[in-house]
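Before any comments, here is the structure.
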Amino acid sequence: MVYPDPSSRSAQLYARASQVMAGGSTRLTTWQAPYPIYAASGSGCRIRDVDGVERIDFLNNYMTLIHGHAHPEIVAAVQEQAARGLSFAMPTENEVMLAELLCGRVKSFEQIRFCNSGSEAVMVAVKAARAHNGRPMIAKCEGAYHGMFDPVEVSHDANPGNWGDVDAPARTPYTRGLPENVMRDVVVIPHNDVARSRHLLELNADRLAAVIIDPLPPRIGFVPATAEFLRMVREVCDRHDIVMISDEVASFRIDYNGPQHVHGFDADLTTMGKIIGGGMPVGAVAGKKAFMDVFNPTRGRPLASHGGTFNSNPMTMAAGYAAMRMMTPEAFARLATLGDRLAEGLRAAFRDANMEGQVTGAGSLWKIHMNNRRYTDYRSVHALPAERKRLDGLYRHLLNAGFVMGPTGLIALSTAMGEKEVDDFCGAVHEGLMGIRRASGEAA
């Protein structure tokens, strides 16, 4: 079956969904025109839709499923816990086990708290930072995505028409009606621009509660934060008692000891999500005791309140522990080798098709771009309309060739994959690029 097909079951389900949900969904990232493809089941690196079409999954629920779909050990852990109970108004040993595992891997993780999403983790981390030093403002990189919390949404979708001067990037709202006072309490800094960012941080240091960075930001094309940039942020935070938050909701999947080990820095607080839940809803904030202590209720009312009916629920904790226990150093190394093979294969696809394009990323996280620009920050990565159109053409070709990636070119590998799946994907990309050239009238 070729997508789109108005007679497909996915199209029919979308028509039903549109009657009971705004836009036919409760998740913006699943939408695509003219209708989203509905999943029926998944196994390993493959996902089957409701029309029976099977595709190899190179998106893995937006970087979440590091072991692919329905891994037997994770399924068994969830089934065993479900038989004992889904949730309780009491803690369970499961959360202790996952906390011990995670804190044992990263130097800056002295304590941890669990929640239910990456967005929630960022919200909790910002709350902790404000409680720590009593200040209202945060600083974040232009174009970086940190979830659906009002302050961190500022300028994550800026564009040439509104992003302003690079010396002082404009505060742009993502959601209509975002209060002006929320935007006033956000300092937007250019990713990897040491001099400009230092100036902006120093200028607002006395009101800054936190600087939140992502060492490998997806919305900035997986362009890694440079050592110089991270060192500058760490120095400014130390000098002014500002909390340094590392958002590793996505990038925690690149190394056994996390991106702080790879990039050589220690954050005060770190946010996580995605892979640490084994496919279940999850978020977490980890950090040094001095900063996590704002949540401590043993001496009376804590400086920062943090509750949640489903925080550290035993189902998620069981799935997360099973998933992360299997992510040994060897498993991470194998995924990194597979990622290098993918990147080389994609570069070869662009060369052989004689088309502009590149791939950026690290480990098991990669992104396809339809240009050859030198990337340093969000503005250099921002795709032009013609580039977005070509990428959409490639994305839709891959759907019909039996592969799923993110519409923005996002790729997340899983341990369920091997060299054949990667090579087949790169071959399909090459075919798609040649098709785009033919459609544009260029000579092959």
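Bear in mind these aren't lab numbers, they're just calculated from the coordinates by the rules spelled out. Everything numeric in this text was worked out from a predicted model, so none of it was measured. So basically every Cβ, Gly included, is an ideal-geometry build from the backbone, and we count neighbours across all protein chains shown.
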Requested in this report: Report, largest value first, the span of the C-alpha coordinates of the stretch 72-326 along each principal axis, in whole Å.
Outcome: 57, 41, 37
Query - Built amide H within the under 5 Å cut-off of Thr172, gap 5+ - result: Ser155
Requested in this report: Please name whichever of Leu384, Gly277, Ala304 sits farthest to the positive end of the charge dipole of the chain, dipole taken about the Cα centre and charges placed at Cβ: Lys and Arg +1, Asp and Glu -1.
Outcome: Ala304
Requested in this report: First obtain the Kirkwood hydrodynamic radius of the stretch 134-209 from its Cα pairs, then insert it into the Stokes-Einstein equation at 4 °C and 1.567 mPa s, and state the resulting D in µm² per second as a whole number.
Outcome: 104 µm²/s
Query raised in the report: Alpha carbon centre of the stretch 26-94 versus the stretch 152-225: separation in Å?
Result: 33 Å
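In the stretch 72-326, what percentage of the DSSP-assigned beta bridges are antiparallel, given to the nearest 5?
40 percent
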Requested in this report: Would you please state which residues of the stretch 300-326 a label at Val75 would reach in this model, taking the label point 7 Å out along Cα→Cβ and a backbone N cut-off of under 12 Å?
Outcome: none
**Report entry** the chain, relative contact order [Cα under 8 Å, separation at least 6], %
**Finding:** 20 percent
Report summary line: Per the rule of 0.36 nm per residue minus the C-alpha distance, extending Val50 to Thr26 adds in nm 6.8 nm
Report summary line: Neighbours of Gln12 by Cβ distance under 14 Å: Lys/Arg at +1, Asp/Glu at -1, summed charge -1
Requested in this report: List the extent of the Cα atoms of the stretch 18-133 along each of their three principal axes, largest first, rounded to whole Å.
Outcome: 50, 36, 30
Query raised in the report: What residues have an amide H closer than 5 Å to that of Glu142, excluding those fewer than 5 places away on the same chain, when H is modeled at 1.01 Å from N in the peptide plane?
Result: Ile189, His191
Query raised in the report: Roughly speaking, what is the stretch gain from His261 to Ala331, that is 0.36 nm per residue apart minus the C-alpha to C-alpha distance, in nm to one decimal?
Result: 23.5 nm
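What's the whole-number percent of alpha carbon pairs in the stretch 212-314 lying beyond 18 angstrom? Before the final figure, lay out the partial values.
Details: 2851 of 5253 pairs.
Distances greater than 18 Å cover 54 percent of the Cα pairs.
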**Report entry** Protection-proxy order for peptides 385-396, 421-432, each taking the mean of Cβ atoms within 10 Å per residue, highest first
**Finding:** 421-432, 385-396
Report summary line: Here, Ala439 and Glu110, labelled 7 Å along Cα→Cβ, have an inter-label distance in nm of 5.5 nm
Report summary line: Whole-percent tail of the Cα-Cα distance distribution for the chain, cut at 42 Å, equals 14 percent
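What is the antiparallel percent of DSSP beta bridges lying wholly in the chain, to the nearest 5?
60 percent
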Query - Low-density loop cleavage sites - trypsin sites (Lys or Arg not before Pro) in the stretch 1-54, where at most 10 other Cβ are within 10 Å (DSSP) - result: Arg27
Report task. Measure out, as a whole number of angstrom, how far apart the alpha-carbon centroids of the stretch 97-124 and the stretch 338-364 sit. Result -> 33 Å
Report summary line: Calc'd 3J(HN,Hα), the stretch 216-232, phi into Karplus 6.51 cos²θ - 1.76 cosθ + 1.60 (θ = phi - 60°), Hz, glycine/Pro = x, comes to 9, x, x, 6, 10, x, 6, 7, x, 5, 6, 4, 5, 5, 5, 5, 4
Query raised in the report: Out of every Cα pair in the stretch 310-444, what percent are spaced more than 25 Å from each other?
Result: 35 percent
Report summary line: With Cα springs under 10 Å, the Gaussian network model of the chain assigns the largest mean-square fluctuation among Ala144, Ala333, Ala39 to Ala39
